[in-house]
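The values are calculated or read from the model by the stated rules, or taken from the named source; none is laboratory data. Quick caveat, the model's predicted, so the values are computed rather than measured. For neighbour counting, all protein chains shown are included, and Cβ atoms are generated from backbone atoms with ideal geometry for every residue, glycine included. Ligands, DNA and RNA are excluded from the accessible area calculation, which covers all protein heavy atoms including side chains. Shrake-Rupley method; radii C 1.70, N 1.55, O 1.52, S 1.80 Å.
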Amino acid sequence: MPLRRAHIHVNGVVQGVGFRPFVFNLAERLNLAGWVLNDSGGVEIEVEGAEETIRAFANEIQEHHPPLARVEQFELAWLKPDSDPYREFEIRHSLAKAGAYQLVSPDVATCADCLAEVLDPTDRRYRYPFTNCTNCGPRFTIISDLPYDRPNTTMRDFPMCPDCQDEYTDPHNRRFHAQPNACPVCGPHLELVQGRANPALVDVLPPEDMGDVIARTAALLLEGAVVAIKGLGGYQLACDATSERAVAALRQRKQRPDKPFALMMTTLSQVRSYCRLADDEAELMSSPGAPIVLLERLEQPLDDLLPIAPSVAPDNAYLGVMLPYTPLHHILLRDVGRPLVMTSGNLTEEPIAAENDEALARLGPLCDALLMHNRGIYARYDDSVWFVADTVQQGRVVRLSQVTRRARGYAPFPVQLGFETRPVLACGPELKNTFCLTRDRYAFVSQHIGDMENLETIEHYERTLAIYQHLFDSQPEVVAVDLHPGYAATRFGKNLAQDKGLPLVEVQHHQAHIASCMADNGYGPQDGPVIGVALDGTGYGSDGRIWGGEWFVGGYDGFERVAHLEYLPLPGGDAATQAPWRIAAGYVQALFGEVRGLTLGVEPDKITFVAQQVQQEINAPLTSSMGRLFDAVAALAGLGSVATYEAQLAIALETAAGRAPLVMNEPAYPYILENASGVSIIRVKPLLQAVLDDVRAGRGTRIISRRFHAAVVAMTRDVCASIRQQTGLNTVALSGGCFQNRLLIQGVTAALDAQGFEVLLHRVLPANDGCISLGQAAIAALGMEH
């Protein structure tokens, strides 16, 4: 049978995931000759053998590649026979290719094989906290350039010992070309350093080895210490989650009075002792991304375990829990034997600290000790957060995973677009910022950057953008920004566009939400317009007012606002979000003309002052925000008068409603839908009157919350049905932070499904403002320039 020769190009996540040794071993098994190498554009293969065997080889690569690999592009071209045939199959040195790019793997949680070694007293990597292989370990956080080879990572500073080098060069070993490969002889090491929060608590002596460092850290945590721990993408602040004293100290030092802390638990068995854990939630927690998953907490832990401290998640029905995802975490959690608080290493609203000097300066005053290591972090990022919600599709309950913060384990893997795109930089929003770079059919949405409210976060934004532009060889041809002129990301984008002479596209916040949901579902312009429902807290409207309860018709080439909540005053502007009693008082004054008898947990003269502020229209901008309506109802129901973190009262209102799903005939508060100049206005005076009546009648917060949620479901359904009558559209895209409410997701999808609508929810990006940059990019890429 004559020899054939073929060239194969593979692109996707194909570097750092064992792809070349997989190809090498496959070629050996099939008796094929040739070579494989990495370059800046992916993996290149040249193979020689019988045509039928080469076709089988190509099929195996596409169908049975390594588990962490993602093949996005596969091209096979037959070459002319060569007079000098290959004699063997080899792995060649990597090449750099100008103008090429490839996809980069996110960091990956420790695999079962590496964990077994770490826990085996006879293994040379026993209790070694930097154990990894081609199936796990750091990726994006250590890569400085492509192709993905050790000199292009922060592991360049650690020459391998002979044993590690043998593993690294053996194609049959799972550590073949595992760029972070290391062991206790040659790899990074730990150091325990005293913090400045409480010097009397900690007496740190230099232990003899890293095992003792981790054991000493565990002892400190059990004594009630707060310890800063250097992880994959930056530092975390840890303490004993069962110690109210330790958690309270962390809250005070971090300046985070109420927002729930994330927890780390050793095993799924331990998680089940504290939380209800469905199979799909367990699968999500155990996935290579190993995110924080929001789980319903048990009233009391099982197996006589110590309870979680009340201040871990005050007045919250859910706990955010993750499993250990590095060897260091696995060893430490087993040494401690209890759940640990494991929260971002920062002061509230600052970016996570990444390097040791920075941690000493920023976290030293907050903690009793710092567990540091000397492996550099090139790209910092936080833990990802997900939850699983019940949705209704075609009459069936379908469980759907939803992300609220996308970072470790997921970024920088791109969103696949349903269309070809020109290179765009979308700068994102002010809160929960991400940016987005597009090229070809990919949208590279950054990891969670945070709230653009301080210099440190802006600097983090600029550094991360530079990393993405370099790794993905992206030079934008157009810049997209939010309409709000005061946003830091908007100012950055405008300055960049002016400096580079690039076109600037300004995109309204809620239209970006809907475009993002469409792109997140693979919608292309050929798929036509949708009904878009954007329910959130704040977005700058095209009329200069604050939007947030919006219904649109349209697509990437333009949206028409066809319905919205009525405008009501926001006394004090954005500051009212931290004092929701002000929102409630302002709404009552505007709708009913008086606030007499209103009790909102504050002095009566303060309520009177707000009423006068609304009457005189002094610093009381108008808003159509659904998020603010949630705040007002929660405050009227007595669920709180102040908020120390975003959506605190909305979460309290959801919690008050209980776990039971909304049913079709659930009692709902009334509202009025009226038409004004072709735009539907949702009037909420009867809704708030009914809330006040229930409060005065002494009806509980559960009844009030469920009736309010049922009203939001009903108005969403009814407005969409009215729009369908006028337009014939049957697809509804749901976006905005309100759609992180489980009860609302279940109720709205059930109501729309019962009406025969096709419903789009976010898939790989958050419904909150973390998705905005994708929507901006999609609109700008397809030419909307107004």
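Below is a table of values for the structure above.
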{"read-out": "Residue match in the range 384-393 (condition: of a type in the set (D, E), within 13 Å of the chain's Cα centre (by Cα) and within 21 Å of V293 (Cα to Cα))", "value": "no"}
{"read-out": "Tally of residues being acidic (D, E), within 17 Å of I779 (Cβ to Cβ) and over 25 Å from the mean Cα position of the chain (by Cα) across the range 508-551", "value": "1"}
{"read-out": "Residue identified as under 19 Å from F176 (Cβ atoms) and in contact (Cβ under 8 Å) with a residue 40 or more places away in the chain among R125, R150, R156, R70", "value": "R125"}
{"read-out": "Selected residue [modelled with pLDDT under 95 and either among the polar types (S, T, N, Q) or touching a helix residue (DSSP H, G or I) at 6+ places or on another chain (Cβ under 9 Å) (or both)] from T343, T348", "value": "T348"}
{"read-out": "Flag for A278 being within 15 Å of F387 (Cβ to Cβ) and modelled with pLDDT of 95 or more", "value": "yes"}
{"read-out": "Subset of the range 539-560 (residues that are under 18 Å from A721 (Cβ atoms) and either of a type in the set (D, E) or open to solvent by 20 Å² or more (accessible area, probe 1.4 Å) (or both))", "value": "E550, V553, E560"}
{"read-out": "Residue in the range 455-463 that is open to solvent by less than 30 Å² (accessible area, probe 1.4 Å) and over 27 Å from G16 (Cβ atoms) present", "value": "yes"}
{"read-out": "Residue under evaluation Q165, criteria (1) crowded, with 18+ Cβ neighbours inside 10 Å; (2) over 19 Å from D107 (Cα atoms), criterion not met", "value": "(1)"}
{"read-out": "Selected residue (criterion: most open to solvent (accessible area, probe 1.4 Å)) from residues of the range 247-275 that are charged (D, E, K, R) and within 23 Å of L649 (Cα to Cα)", "value": "K259"}
{"read-out": "Of all residues making up the range 250-281, the number that are in a helix (DSSP H, G or I) and over 18 Å from L221 (Cβ atoms)", "value": "8"}
{"read-out": "Members of the range 8-31 found to be open to solvent by less than 10 Å² (accessible area, probe 1.4 Å) and more than 23 Å from P106 (Cβ to Cβ), listed by number", "value": "I8, L26, A27"}
{"read-out": "Total residues in the range 493-538, condition surrounded by fewer than 24 Cβ atoms within 10 Å (Cβ to Cβ) and assigned to a helix (DSSP H, G or I)", "value": "10"}
{"read-out": "Residue within the range 119-138 that is open to solvent by less than 10 Å² (accessible area, probe 1.4 Å), part of a loop (DSSP other than H, G, I, E, B) and closer than 27 Å to A443 by Cβ present", "value": "yes"}
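Yes/no matrix, rows are residues, columns are (1) of a type outside the set (G, A, S); (2) assigned to a strand (DSSP E or B); (3) free of Cβ contacts under 8 Å to residues at least 24 places away in the same chain; (4) closer than 15 Å to C239 by Cβ:
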{"position": "E299", "(1), (2), (3), (4)": "yes, no, yes, no"}
{"position": "H329", "(1), (2), (3), (4)": "yes, no, no, yes"}
{"position": "T343", "(1), (2), (3), (4)": "yes, yes, no, yes"}
{"position": "T348", "(1), (2), (3), (4)": "yes, no, no, no"}
{"position": "Y381", "(1), (2), (3), (4)": "yes, no, no, no"}
